[in-house]
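What follows is one structure encoded as C-alpha coordinates, with my remarks underneath.
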Amino acid sequence: MSDNIKDLVRMANQVADFFQAYPEEEAVPDIAQHIRDFWTAAMRREMAAHLAAGGAGLKPLALAGLQLADKDSKAA
(Lines give C-alpha, C1' and ligand atoms only; values in the text may rest on other atoms or scores of the structure.)
Protein backbone atom coordinates (compact mmCIF):
# COMPACT_ATOMS: atom_id res chain seq x y z
CA MET A 1 0.00 0.00 0.00
CA SER A 2 1.48 3.35 -1.01
CA ASP A 3 1.99 6.11 1.51
CA ASN A 4 -0.63 8.20 -0.28
CA ILE A 5 -3.24 5.44 0.02
CA LYS A 6 -2.32 4.98 3.68
CA ASP A 7 -3.00 8.69 4.21
CA LEU A 8 -6.32 8.51 2.36
CA VAL A 9 -7.37 5.44 4.36
CA ARG A 10 -6.43 7.22 7.60
CA MET A 11 -8.42 10.30 6.56
CA ALA A 12 -11.46 8.26 5.51
CA ASN A 13 -11.39 6.39 8.83
CA GLN A 14 -11.21 9.71 10.70
CA VAL A 15 -14.30 10.95 8.85
CA ALA A 16 -16.06 7.70 9.73
CA ASP A 17 -15.01 8.07 13.38
CA PHE A 18 -16.66 11.50 13.46
CA PHE A 19 -19.94 10.10 12.14
CA GLN A 20 -19.80 6.93 14.28
CA ALA A 21 -22.28 8.42 16.78
CA TYR A 22 -24.92 8.88 14.06
CA PRO A 23 -27.32 6.14 12.98
CA GLU A 24 -25.76 4.24 10.07
CA GLU A 25 -28.51 5.29 7.65
CA GLU A 26 -27.52 8.91 8.32
CA ALA A 27 -23.77 8.42 8.71
CA VAL A 28 -23.13 6.68 5.38
CA PRO A 29 -24.63 9.42 3.17
CA ASP A 30 -22.96 12.10 5.32
CA ILE A 31 -19.57 10.43 4.85
CA ALA A 32 -20.19 10.20 1.11
CA GLN A 33 -21.16 13.88 1.02
CA HIS A 34 -18.02 14.85 2.95
CA ILE A 35 -15.88 12.94 0.45
CA ARG A 36 -17.60 14.64 -2.50
CA ASP A 37 -17.33 18.10 -0.90
CA PHE A 38 -13.80 18.06 0.47
CA TRP A 39 -11.71 15.50 -1.43
CA THR A 40 -10.16 16.39 -4.76
CA ALA A 41 -11.05 14.42 -7.87
CA ALA A 42 -7.57 12.87 -7.79
CA MET A 43 -8.07 11.71 -4.19
CA ARG A 44 -11.44 10.20 -5.08
CA ARG A 45 -9.99 8.40 -8.13
CA GLU A 46 -7.13 6.98 -6.08
CA MET A 47 -9.54 5.79 -3.41
CA ALA A 48 -11.85 4.29 -6.06
CA ALA A 49 -8.91 2.20 -7.28
CA HIS A 50 -8.19 1.17 -3.69
CA LEU A 51 -11.84 0.18 -3.23
CA ALA A 52 -11.70 -1.87 -6.43
CA ALA A 53 -8.67 -3.68 -4.98
CA GLY A 54 -10.61 -4.55 -1.80
CA GLY A 55 -10.35 -1.43 0.37
CA ALA A 56 -7.77 -2.78 2.82
CA GLY A 57 -7.57 -0.89 6.11
CA LEU A 58 -10.91 0.86 5.85
CA LYS A 59 -13.32 0.67 8.75
CA PRO A 60 -16.75 -0.69 7.76
CA LEU A 61 -18.47 2.70 8.07
CA ALA A 62 -15.76 4.41 6.01
CA LEU A 63 -15.99 1.67 3.41
CA ALA A 64 -19.77 2.08 3.13
CA GLY A 65 -19.52 5.86 2.77
CA LEU A 66 -16.75 5.64 0.18
CA GLN A 67 -18.65 3.02 -1.81
CA LEU A 68 -21.70 5.29 -1.87
CA ALA A 69 -19.60 8.28 -2.98
CA ASP A 70 -17.98 6.15 -5.68
CA LYS A 71 -21.35 4.80 -6.86
CA ASP A 72 -22.82 8.32 -6.98
CA SER A 73 -19.85 9.63 -8.99
CA LYS A 74 -20.25 6.85 -11.55
CA ALA A 75 -23.99 7.55 -11.86
CA ALA A 76 -23.41 11.26 -12.51
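The values are calculated or read from the model by the stated rules, or taken from the named source; none is laboratory data. Predicted model, so just to flag it, every value in this text is computed and none were measured. We place every Cβ from the backbone using ideal geometry, glycine too, and count neighbours over all the protein chains shown. Note: accessible area is taken over every heavy atom of the protein model, side chains too, but ligands, DNA and RNA are not part of it. Shrake-Rupley method; radii C 1.70, N 1.55, O 1.52, S 1.80 Å.
Brief remarks on what is shown
- Highest GNM mean-square fluctuation among Ala56, Ala48, Ala64, for the chain modelled with Cα contacts below 10 Å: Ala56.
- Label-to-label distance, nm, for residues given as Arg36 and Lys6 (7 Å Cα→Cβ offset): 3.2 nm
- Average accessible surface area per residue within the chain, 1.4 Å rolling probe, Å²: 60 Å²
- The chain - Debye-derived log10 I(q)/I(0), Cα point model, q = 0.20, 0.25 Å⁻¹: -0.76, -1.21
- Mean separation of Cα contacts under 8 Å (6+ apart) over length of the chain, as relative contact order %: 43 percent
- With every protein chain in place, the chain: carbon and sulfur % of accessible area (1.4 Å): 56 percent
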